[in-house]
1. Could you tell me which of the residues ARG159, ARG201, ARG146 is more than 19 Å from the chain's Cα centre (by Cα) and surrounded by 12 or more Cβ atoms within 10 Å (Cβ to Cβ)?
2. Can you find a residue in the range 178-190 that is among the charged types (D, E, K, R), surrounded by 13 or more Cβ atoms within 10 Å (Cβ to Cβ) and more than 18 Å from MET11 (Cβ to Cβ)?
3. Kindly check whether there is at least one residue in the range 156-170 that is part of a strand (DSSP E or B), in contact with a Ser or Thr (Cβ under 6 Å, 6 or more places away or on another chain) and touching a residue at least 40 places away in the same chain (Cβ under 8 Å).
4. Across the range 16-25, which residue is farthest from the chain's Cα centre (by Cα) among those that are more than 20 Å from THR74 (Cβ to Cβ) and at pLDDT 95 or above?
5. How many of the residues making up the range 112-126 are free of Cβ contacts under 8 Å to residues at least 40 places away in the same chain, assigned to a loop (DSSP other than H, G, I, E, B) and surrounded by 10 or more Cβ atoms within 10 Å (Cβ to Cβ)?
6. Looking at PRO99, PRO139, which one is within 30 Å of GLN49 (Cα to Cα) and part of a loop (DSSP other than H, G, I, E, B)?
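The values are calculated or read from the model by the stated rules, or taken from the named source; none is laboratory data. Just so we're clear, the structure is a prediction, and the values are computed from it rather than from any experiment. Every residue, glycine as well, gets a Cβ built from its backbone with ideal geometry; the counts of neighbours run over all protein chains shown.
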Amino acid sequence: MSFIIGRKIEMTQQFKEDGTVVPVTLIQAEPNTVTQVRNLETDGYVAVQVGSDAKAKLPKPQLGHLKDLPQVSTLKEFRVDSAGDLKRGDLITVEAFAPGVRVDVIGISKGRGFAGVMKRYHFHGKNATHGTKDQERMPGSIASQRQGKVIKGKRMAGRMGAEQVTVKNLEVVSTDIQTQVIAIKGAVPGSRGGLVMIKVRSGNTVWHA
């Protein structure tokens, strides 16, 4: 099991040897420091906590947690079946993400603000003519008179985006060891500079076109 946290740079495109154009997202993944290894005996679950983004000033509790380790501001945990040989202080780099490997990417989607039901949930809307007045983008009925209340979970207008999104089964197109940049095929959630978590899929095999 391989995992790392990084920052989204931008989307671009790369060319394969046969001239095929591949849209990719570039992710800057500096070496991550293992800050804690959780186990069943003491924590009740198995996970590896890693840190990134060096910072000069940190809260005292975090400084105590990172004693004898680099001062990193971002800490994330990855649930695993087994931590293997990983221990506190180890470094995780992009070398494990070879081209062809399939990964899951977790990020915070772009915030869209207050959005209506057509943008937020892809409602069809009503006809723009034939007697329709000021109702083209309305949600329609939200409940019946008999029940006298709106059922919880009803899809309505509200804040859109800015929530955790996982995109699964993406292909690693290339990895630059020198610059610590991973190129992943397709789109990745979040804006430029946003934090992303990359995790190799369990039982993963190198994928060939």
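1. ARG159
2. no
3. Yes, there is a match, as at least one residue in the range 156-170 is part of a strand (DSSP E or B), in contact with a Ser or Thr (Cβ under 6 Å, 6 or more places away or on another chain) and touching a residue at least 40 places away in the same chain (Cβ under 8 Å).
4. VAL21
5. 3
6. PRO99
Every residue, every condition in (1) among the polar types (S, T, N, Q); (2) under 22 Å from VAL181 (Cβ atoms); (3) without any contact (Cβ under 8 Å) to a residue 12 or more places away in the chain, yes or no:
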{"position": "GLY64", "(1), (2), (3)": "no, no, yes"}
{"position": "LEU69", "(1), (2), (3)": "no, no, no"}
{"position": "THR74", "(1), (2), (3)": "yes, yes, no"}
{"position": "PRO99", "(1), (2), (3)": "no, yes, no"}
{"position": "ILE106", "(1), (2), (3)": "no, yes, no"}
